[in-house]
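S.K.: Handing you this structure, nothing more for now.
The values are calculated or read from the model by the stated rules, or taken from the named source; none is laboratory data. The structure presented is a predicted model; accordingly, all values stated were derived computationally and were not measured. So basically every Cβ, Gly included, is an ideal-geometry build from the backbone, and we count neighbours across all protein chains shown.
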Amino acid sequence: MSLDMDNLVRDKRADLRVPENLRIFWSTESGNISGLGRVRNISTSGMLLETNGNPVFSDGDPLVFNPSLSADNFIPKVGRVVWQKPRPFALGRSWCGIAFTDQDATMLDHLRQRVEIGVGRLVKARRAAQGTRWAAAVLIVVMVIFSVHLLGDIFQDLAASNTQLSHVTTKQAFLYQKSVARITTLEGEVAQAKAMYQESQLNLQSVTSELGTTKNLLSDTEKMLTDAKVELQAIKDLNTKYQTKIADLEDKNAKLSQEMRVLQDRLTFYEGNVKNSEEARDWLLMYRNRVHLVKSRIKKFKQEAQEVRKSAQKEADRARILLGNKGYFVKDGQRVVVDQEKYNSVTHDVAKPNVKVDVQVFN
């Protein structure tokens, strides 16, 4: 065990002890108990012995030592146990305080020299320790000065940081207030946009409903237009038929006119060529029969032309009804629009057959 100089100086024993680390053989005076030990410190009057195992001694028991140091031996051969206790934190070992009892002059001289050597080592160690303390003290002073300077820099940096932090905090507070105001404005705009959106939805629903109604009206209108187209096509077909029939009547009219002209030519011919009254009477009878036949044909032709005219007039009226407003100016909330061009194209004046009969009757 090593001891520092302060502990040695403060030791209240009569003699100064110095550290030692020497293996030694020990035994009781009777030789019944023996073992190995180690000298931990020594003085001119005693030593601290560390024993292996836990031998039990009583105060005052004599011990015999055999250090095997030949001529350089400085440990006395006999000593007595002053105290004994277990070594802390070491199982199977104990400490014993030994007081030397048998010292001759030579042994005592060697022991003093050994102690002086130890004291010299302790003095050197203490001087080295003091130098180390002074160096440590200087280093501590330098470190303190450096720390103070560093703390000053740190304090200045901290003050600057606090100033910047104050500016940043103020700016952040301003930005936060501005953000709150902006958020409030945006919330108002969002609420207004929501109201406009709801209004737009209502308008959209209304427009959708109107579009549905308009689609239905368009569907009905398309259906009516389809029916009207069919009716118009039928009217066109009837018109074509009637035109054909009128052409046929005109052809018959031309044939009747030709036949009347033949009769007229014959009448003119016979006016100057009748030989007697009997021949004239026969010719007149034949002429009258012929005229009656022509008149009956003309009457039938007029009846056919009249029927064609009535049918054409009826179809024209029906077409004008389909193309007209049917008595409505407004229907289903919509203004009734009439295609005036198509309406005017259907005329009440149906072309009359060009019939001209020239009949002369002679009595």
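S.K.: Mind listing just one residue for me: the one in region 86-140 that is under 17 Å from G46 (Cβ atoms) and of a type in the set (V, I, T) and, of those, surrounded by the most Cβ atoms within 10 Å (Cβ to Cβ)?
M.R.: I98
S.K.: Of the residues that sit in region 40-85 and are loosely packed, with under 12 Cβ neighbours inside 10 Å and of a type in the set (D, E, K, R), which one is nearest to L111 (Cα to Cα)?
M.R.: It comes out as D72.
S.K.: Looking at (1) of a type outside the set (G, A, S); (2) modelled with pLDDT of 90 or more; (3) surrounded by fewer than 17 Cβ atoms within 10 Å (Cβ to Cβ), which one does M1 not meet, given that it meets all the others?
M.R.: (2)
S.K.: Same structure, new question: With the structure loaded, tell me whether K215 is modelled with pLDDT of 70 or more and either over 54 Å from the mean Cα position of the chain (by Cα) or over 30 Å from R335 (Cβ atoms) (or both) or whether it fails that test.
M.R.: no
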